[in-house]
Amino acid sequence: MSDLYDILIIGAGINGAGIARDASGRNLKVCVVEQNDIGSATSSWSTKLIHGGLRYLENYEFRLVRESLKEREIIKKIAKDIVKPIPFIIPHTPSQRSIWIIKFGLFLYDLLGGKSSIPKSKKISISSEIPNILKDNFKIGFKYYDLQVDDKKLVELNINDAKKRGATIIENKKVKEVFRQSETWSIKLENNTILNSKILINATGPWINDVLKNIIKLKNKKSIRLVKGSHIITNKLYKEDYALTLQNNDNRIVFVIPYKKKYTLIGTTEKEVFSPDNPKIDKDEIDYLIKTVNHFLKKQVNKKDIIDTYSGIRPLIEDFKEASKVTRDYAFDLNTKNKNTPLLSIYGGKLTTYRKLSEKVMSSLKPFLPIKNSKNWTDTKVL
């Protein structure tokens, strides 16, 4: 019989990493199993932002925006070495959202964020604030701030902190089979190692229902929508340290963001796919991003300017809306068919809310754990 863990987490993306850190800091015995490298899938292919989700306000997701903005402030403090505030400019497009809607949206954004060290939004003159970047027909804009982050590093810092607090981290090993015993879960890895745990957490992101069906052998209670977000990287399009939030004709948003000093990051698309494996940008997505940027910028971009691309799969909770309107919120499915061996599956979520999600996981599992330290702690301890 191998060591018995309090919690075993399948998946070391940002959610798995955050839960491992939180649980380890409460003196629980934690193991994480990841089929690839730490943070190698969705969590490292994001738009590299810690943000409230300004456009979620249009879907009336006020609770999610408020939670995200509160987390933005916390992550700014606990991950200060890998985040930085960056100003975003929204050029006003008369054919899109009206001035008063954008002003009201930004007012709400500032209000929901509460007391913050991040500057408030304001209306600006494009020619005064960022001359020579946008075409001359864009006169009025709005300036607000969010945080830029090294997403993969954020995952790694959480995992490293979990390790320091005693967690066992197993990389590049697939979970082959899972058996639910009367008192414990037995987890068999592809090298035939057997691990035992009181609680099992499925934090496999876009693979969540595949793992549930094919490895844990249970029916899923929630459906997910797999949405591909693709990005292109070009050489720096302008020297100013400003990001742009561009409103497209389909009401979606494309970000243009200074990236790693020499480059510009442009994204993201939202395209429904049916497999989480090996996502790649396609021609339509490249055309979509280039066309959007060229509608706004004086300096025109073409395919020859692209020096790299990447795509990530977001597992969104299915609510039968178009992809851009599907919620970015998260939900838990707690299976206590055997109360001695709970299974928690985590659906959805976004980079910004990983820490709060981890706290809520610990709260959900409290009845099943010998928690020696039940106090929340991750909001004050620097990564």
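All of the numbers you see were taken from the coordinates with simple rules; none came from a lab. What you are looking at is a predicted structure, and each value in this text was computed from that prediction instead of being measured. Quick reminder, even Gly has a Cβ in these numbers, built from the backbone with ideal geometry, and neighbours come from all protein chains shown.
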Q: Give the span of segment 96-191's Cα atoms along each principal axis, as three whole-Å numbers ordered largest to smallest.
A: 65, 30, 30
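Stokes-Einstein at 20 °C, 1.002 mPa s, Kirkwood radius from Cα pairs: D for segment 145-216 in µm² s⁻¹? Provide the component values of the computation, followed by the final result.
Working: Rh = 14.4 Å.
For the chosen part, D equals 149 µm²/s.
Give me the extension gain from Lys381 to Asp210: residue separation times 0.36 nm, minus the current Cα-Cα distance, reported in nm with one decimal. Could you put the intermediate results ahead of the total?
Details: separation 171, 0.36 × 171 = 61.56 nm, distance 3.49 nm.
Value of the extension gain: 58.1 nm.
Kirkwood hydrodynamic radius, segment 233-284, all distinct C-alpha pairs: what's the number in Å? Show your work: numbers first, answer last.
Details: mean 1/r = 0.0781 Å⁻¹.
About 12.8 Å, per the Kirkwood formula over Cα pairs.
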Q: Measure of size requested: the Rg and Dmax of segment 3-92, with Cα atoms as the atom set and Å as the unit; please supply both.
A: 16.4, 59
Q: Compute the Rg/Rh shape ratio of the chain: radius of gyration over Kirkwood radius, all on alpha-carbon atoms.
A: 0.99
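If you restrict to DSSP beta bridges whose two residues both lie in the chain, what percentage is antiparallel, to the nearest 5?
On the way: 59 of 77 bridges.
Among the beta bridges of the chain, antiparallel pairing accounts for roughly 75 percent.
Taking 1 over the mean of 1/r across every pair of different Cα atoms in segment 230-383, what Kirkwood radius in Å do you get?
Details: mean 1/r = 0.0534 Å⁻¹.
The Cα-based Kirkwood calculation yields 18.7 Å.
Beyond 14 Å, what share of the Cα-Cα pairs of segment 177-218 remains, rounded to the nearest whole percent?
Working: 425 of 861 pairs.
Within segment 177-218, distances greater than 14 Å cover 49 percent of Cα pairs.
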Q.
Per DSSP helix of 4 or more residues, -39500 (n - 2.57); summed, then divided by the residues of the chain. What does that give at 222 nm, rounded to the nearest 500?
A. -7500 deg cm²/dmol
Q. Ranked highest first by the average count of other Cβ atoms within 10 Å around their residues, in what order do 129-141, 9-21, 242-254 fall?
A. 9-21, 242-254, 129-141
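If you average the sequence gap of Cα pairs under 8 Å that are 6 or more apart and divide by the length of segment 125-191, what percent do you get for the contact order?
Values: 35 pairs, mean separation 11.9, N = 67.
Worked out over segment 125-191, it gives 18 percent.
Relative contact order for the chain: what is it in percent, counting Cα pairs under 8 Å that are at least 6 residues apart? Mind showing how you got there, number by number?
Working: 799 pairs, mean separation 92.8, N = 383.
Here the relative contact order equals 24 percent.
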**Q.** Cβ charges +1 (Lys, Arg) and -1 (Asp, Glu), total dipole of segment 204-331, debye
**A.** 240
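Please report, in debye to the nearest 20, how large the charge dipole of segment 194-242 is about its Cα centre when each Lys and Arg carries +1 at its beta carbon and each Asp and Glu carries -1 there.
Details: 10 positive and 3 negative charges, 81 e Å.
Charge dipole, segment 194-242, about its Cα centre: 380 debye, nearest 20.
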Q) Put +1 on the Cβ of each Lys and Arg and -1 on the Cβ of each Asp and Glu in the chain; which of Val65, Gln247, Gln35 then has its Cα farthest toward the positive end of the dipole? A) Val65
Q) Which far-off residues, 5 or more places away or on another chain, put their amide H under 5 Å from the one on Thr168, with H placed in the peptide plane? A) Val30, Cys31, Val32
Q) Around Lys176, which amide H atoms from residues at least 5 apart in sequence, or from another chain, sit under 5 Å from its own amide H, with H modelled in the peptide plane? A) Lys188, Leu189, Glu190
**Q.** Under-5 Å amide H pairs with Asp146, H placed in peptide plane, nonlocal only
**A.** Ile86, Phe88
Q | In Hz, Karplus ³J(HN,Hα) per residue of segment 141-149 (6.51, -1.76, 1.60; θ = phi - 60°; x = Gly, Pro) | A | x, 10, 10, 9, 10, 9, 10, 9, 9
**Q.** Net lengthening on full extension, Ala331/Lys283 (0.36 nm per residue, minus Cα-Cα)
**A.** 13.9 nm
Q. When we measure straight from the Cα of Lys188, which lysines land under 22 angstrom away, once same-chain ones fewer than 8 places off are left out?
A. Lys29, Lys163, Lys173, Lys174, Lys176, Lys198, Lys213, Lys217, Lys219, Lys337, Lys339
Q. If you place +1 on the Cβ of every Lys and Arg, -1 on the Cβ of every Asp and Glu, and leave all else neutral, what size is the dipole of the chain about its Cα centre, to the nearest 20 Debye?
A. 740
Q: Work out from phi, with θ = phi - 60° and the Karplus expression 6.51 cos²θ - 1.76 cosθ + 1.60, the ³J(HN,Hα) of each residue of segment 90-96, listed in order in whole Hz, and give x for Gly and Pro.
A: 9, x, 6, 10, x, 6, 9
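On average, how much area does the Cα convex hull of segment 34-164 cover when viewed from any direction, in nm²?
10.1
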